[in-house]
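Here's the structure we're looking at; comments come further down.
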Amino acid sequence: MIRRLAAVSSAVLLFASAAQAQSVDRVALNGVIDQGFNHSEVMQTAAWLTDRIGGRLTNSPQMREAEQWTQQRFTDWGLSNVRAEGFEFGRGWSIVRSSARMMTPRPIDLRAIPVAWTPSTNGTVSGEVILAPITSADQFDAWRGKLAGKIVMLTAPTTGAEPTEPAFRRWTDEELSGRQAYSLPQTDPDAPERQLRGATADFPARLDAFLADEGAVAWVRMSQREGGLLHGTGYQYQVGQTPRLAGLELAAEDYRRLARLAKAGTAPTLELMSEVRFHDDDVNAYNVLADIPGTDRSGEYVMAGAHLDSWVASDGAVDNAAGSAVVMEAARILKALGVRPKRTIRFALWNAEEQGLLGSLAYVDRHVATRAPLSDPALAGLPNNRTWRARWPVQPREGHADLVAYFNIDNGSGKIRGINAEGNVAAAPVLEQWLEPFASMGAGTVSLRPSGGTDHVYMQTVGIPGFQFIQDPLDYSSRLHHTSIDSYDHLRPDDLRQAAVVLAGILLSAANSDEPLPRMPLPTRPTASDPVGFPITN
């Protein structure tokens, strides 16, 4: 029986590969490779997004410029139906200038950045620091009457940690082969609603109100990384929910120095200045979309996407001008070759990924599938991305069957080494066939593991074959992700050219295949690995 099952399995895989072989047009791939390696514009695109435009916080002036510029590039290249599709978001925000200085017991400039969507200090403010690591509302009473006139240090200081592994690395063949094992999903039908009820309290807003009512001057927190790196990430962007107090993030080393002095009984005094601007002219954020029209698969389309927004500590290069430039370059390559795919190929540059995958969720909710509303009024008023996975059943929209496959790129500047099949065992042999021409370029691994944290996630939750590419990690997570050194200097031109070639080739094969990629069953219940609440994003 075991031999018979193995034989049947092998036959299925061989049949799937043979059936899909005709969809890999190797002559067309030669054109893709030539255009992508010998005539590439990916680095020019990345340079404009980073050096010229800079950090692209959602609804900031820089993001508005990026929205306009990317649409113009798609139009210049001859793509069709280029448009910006809006969804409700909130306030824009940008930094004008800021500074932080310790005045006593000795003067020294500190490395600091305003926390996103916190207000200005209205000039320079000063005060003694007080170390008050408040992490929950039940700690408020312990600090009442102690914070007036103080600059509140909200992070419990850690001890410094030196790296034990190289910051920059590539996947080894052994590591890639280890990704091919199937991961068993864990089922827990009560997990989403249990997590959802724990996420209803908006602690940052309550903390801000408490500190302001107590008369605090401002607050500071410690950076998450060593080496003077700063992030400045924040999430109170909703209209009418602007914080009352300015908040700044200090480099970990500077923060710990202040904490040590405060604990020694000589509380330092600081001077802080944060000048920021809010932008309220348009509360909508916009996804940028463009098409290469299909010829004979009416209504069907394949899609590639990356998020265009970033944080503001630097220029958002590896996160995610790199992915955006690769998606745009794949579009340019295919249009330059004059391809006429059977299915439409759609390119998406998502907005507000950093605030919870909001742009891709808005697209899914509008065009692909939605979910039944929650019956509890207290929960129904929460943001869409916090309640999405707790709402059942999934309700496909008319265009659900039209989206054949979605491919996402959002793991930095590393070359593509393969793709995560997200547990879709039926799609795996097809993906292997499409990747095979690029194996000599290092892109040959099809992993059955699921991956999370970026814009293919909500596609997966409504049964769309959505995939995230495997990329060499380089120093994405170790140093660059969301930090003040995420600049053009850390982009790898050869890797990005390779990624654009692989993406363009995969899209062409997917658009021309005789059969669409196999789908997973439409989800009908949550699992323990299907978290709700605010997602961690790339």
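The values are calculated or read from the model by the stated rules, or taken from the named source; none is laboratory data. Model, not experiment: these values are computed from the prediction. All Cβ positions, glycine included, derive from the backbone under ideal geometry; neighbour counts span all protein chains shown. For accessibility, only protein heavy atoms count, side chains too; no ligands or nucleic acids. Shrake-Rupley method; radii C 1.70, N 1.55, O 1.52, S 1.80 Å.
Annotations for the structure displayed:
- Taking all Cα pairs closer than 8 Å and separated by 6 or more residues, the relative contact order of region 69-190 comes to 14 percent.
- For region 353-420, the solvent-accessible area of protein heavy atoms averages 31 Å² per residue (probe radius 1.4 Å; ligands and nucleic acids excluded).
- Within the straight-line cut-off of under 18 Å between alpha carbons, the aspartates and glutamates reachable from K146 are E128, D138, D208, D213, E214, sequence neighbours fewer than 8 places apart in one chain being disregarded.
- Percentage relative contact order, region 419-494, counting C-alpha pairs under 8 Å, at least six apart: 32
- Dividing the summed helix terms, -39500 (n - 2.57) for each DSSP H run of n ≥ 4, by the number of residues in the chain produces a 222 nm estimate of -8500 deg cm²/dmol to the nearest 500.
- Share, in percent, of DSSP beta bridges within the chain that are antiparallel, nearest 5: 60
- Accessible surface computed residue by residue for region 219-305, with neighbouring protein chains in place and a 1.4 Å probe, gives 39 Å² per residue.
- The value of relative contact order for the chain, using C-alpha pairs under 8 Å at least six residues apart, is 24 percent.
- Cα long-axis angle, helix 26-38 against the chain (0 to 90 degrees, to the nearest 10): 30
- Taken along the Cα-to-beta-carbon direction at a fixed 7 Å, the label points for E398 and V239 span 2.9 nm.
- Residues of region 447-468 with amide N under 19 Å of the 7 Å Cα→Cβ point at A181: 447-452
- Straight-distance candidates among the aspartates and glutamates for linking to K342, with alpha-carbon spacing under 16 Å and chain neighbours fewer than 8 residues away dropped: D25, D291, D296, E300, D402, D514, E515.
- Computed in the context of the full set of protein chains, the accessible area of the chain at 1.4 Å probe radius has 51% of its extent on carbon or sulfur.
- Each of N81 and M520 was given a label point 7 Å from its Cα along the Cα-to-Cβ line. The distance between the two points is 2.7 nm.
- Amide hydrogen proximity for G149: with H placed 1.01 Å from N in the peptide plane, the residues at 5 or more positions away or on another chain lying under 5 Å are A216, V217.
- Comparing Cα centroids, region 430-457 and region 100-175 end up 40 angstrom apart.
- When only alpha carbons are used to place a centre, region 214-252 and region 260-306 end up 16 Å from one another.
- Ordering of 75-83, 41-49 by packing is 41-49, 75-83, highest average first (other Cβ atoms within 10 Å, averaged per residue).
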